[in-house]
């Protein structure tokens, strides 16, 4: 609503000349019209304030570009996390762990850049991340965050696949999600061997999680500073 | 499984799903009357019956074909692990190894039951252990007496499963069944990751949880020539027309990283050719 208020104020200042003008009948009608527009704007804003906010990035799920940008956003987040881990791994990491986290870093960079190129001019901008809740010097903290990112990534792709309309993108999403699931299993086994597909993530029907974008973005929001607006979900 | 989500997804494809599922329709009364009596374990069957009643005889043939294809593979995987757990004493070390294989076996059984339930009367003839030859017609003669061989075949099956589901995804485009297939698919990928780590810990030094580039750039990173067909095209570096190697100036994205970052799909024919080695 803050942004909406800004917008209303902008509208008012633009219409300043009307306020200053003599209240001729025609001007009065214009003013009344502007007022009605503001009321409509406010009403619309209260119902769907996400639509009206001009800051941040917008994921418009009306077509495949929205879904791909959603994936691009998540890959940006994962890449930023692993770049930070790989550049200064926790002292508790073994050599093998350092090597594999280095690999994962580049997997996520490859995913991120793939989406950037595939989207071209339709790509959203770079997201500003917030990793203040992660202690990058502590192995357990890093592994816990990695597990959260990977399990969330898997659930996100699983839930988004059905939204895609283009065959090539359905295949690509499938090609990426299994790599994310391999990461998830690896990280989980580092935390507790044998937890690669335990009941936290796989239900009694043998199914992994599938989350809708709003669930995923809500879970990811603590790691993202940039405002993400979702429309046409 | 969240049935509300599934119904919402179906609605995007079939705008009349709620009409079809209307409780006033006699066909649907039974399901809604079941109410709280449905337990989680009973859900696959219940869900399968909902779809059957809602669509009558019109469940698209291609979708049933995909589900039956998946069911065949799940039978194969289930019997492979189940025999190892119950009928090959001493094969799998106690503790974490038998724990992991039992977990995987249980997931494969759950997948069999889920797919059978979804297919209902359209489900293929059930497959028993005796319908399979897990030596691969003599390719892996000690599969149930040599733990390393067992792990190699297990890894091969899981990597195949991951690739097989991917290959069918476009047939299920926009259908709620795709979500379920993806949910199975990522579980198979988790299995593959763990089995590769088990294999690495038992002699296949350097084998990664993800499929990497084989020696000299070949597509098979396991070094087991007998499973070459399972890894065809895994050394691909072009994805949807985008070259992944060194993408946008990222020198760290090597050919090996490019191969690892994207798992490839197998066609149905390729999967059936692999599976036929193990089906009598």
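Say whether the condition of being within 20 Å of residue A:83 (Cβ to Cβ), without any contact (Cβ under 8 Å) to a residue 24 or more places away in the chain and touching a helix residue (DSSP H, G or I) at 6+ places or on another chain (Cβ under 6 Å) is met by at least one residue in region A:166-188.
yes
Looking at (1) more than 12 Å from residue A:208 (Cβ to Cβ); (2) in a helix (DSSP H, G or I); (3) touching a helix residue (DSSP H, G or I) at 6+ places or on another chain (Cβ under 6 Å), which is the one condition that is false for residue B:167?
Looking at each condition in turn, residue B:167 falls short on (3).
Could you tell me which of the residues B:32, B:134, B:80 is farther than 19 Å from residue A:204 by Cβ, outside any loop (DSSP other than H, G, I, E, B), away from chain A (no Cβ under 11 Å) and modelled with pLDDT of 95 or more?
B:80
From the list B:140, B:132, B:157, B:150, exactly one residue is within 19 Å of residue B:82 (Cβ to Cβ) and in contact with a strand residue (DSSP E or B) (Cβ under 7 Å, 6 or more places away or on another chain). Which is it?
Answer to the check: B:132.
Looking at region B:230-268 only, could you name the residues that are over 21 Å from residue B:193 (Cβ atoms) and either under 23 Å from the mean Cα position of the chain (by Cα) or assigned by TED's automatic domain parsing to the domain that holds residue B:164 (or both)?
B:267, B:268
Determine if region A:192-213 includes at least one residue that is at the interface with chain B (Cβ under 7 Å from one of its Cβ atoms), under 23 Å from residue B:159 (Cβ atoms) and within 22 Å of the chain's Cα centre (by Cα).
Yes: region A:192-213 contains one or more residues that are at the interface with chain B (Cβ under 7 Å from one of its Cβ atoms), under 23 Å from residue B:159 (Cβ atoms) and within 22 Å of the chain's Cα centre (by Cα).
Could you say which residue among B:168, B:197, B:239 is within 11 Å of another protein chain (Cβ to nearest Cβ), surrounded by 19 or more Cβ atoms within 10 Å (Cβ to Cβ) and touching a residue at least 60 places away in the same chain (Cβ under 8 Å)?
B:168
For (1) within 14 Å of chain A (Cβ to nearest Cβ); (2) at pLDDT below 95; (3) not in a loop (DSSP other than H, G, I, E, B), each residue gets a yes or a no:
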residue	(1), (2), (3)
B:216	no, yes, yes
B:219	no, no, no
B:223	no, yes, no
B:226	no, yes, yes
B:234	yes, no, no
B:259	yes, no, yes
B:263	yes, no, no
B:272	no, no, yes
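The values are calculated or read from the model by the stated rules, or taken from the named source; none is laboratory data. Every value quoted in this text rests on a predicted model; they were computed, and no experiment measured them. Heads up, the Cβs are rebuilt from the backbone with ideal geometry, glycines too, and the neighbour counts pull from every protein chain shown.
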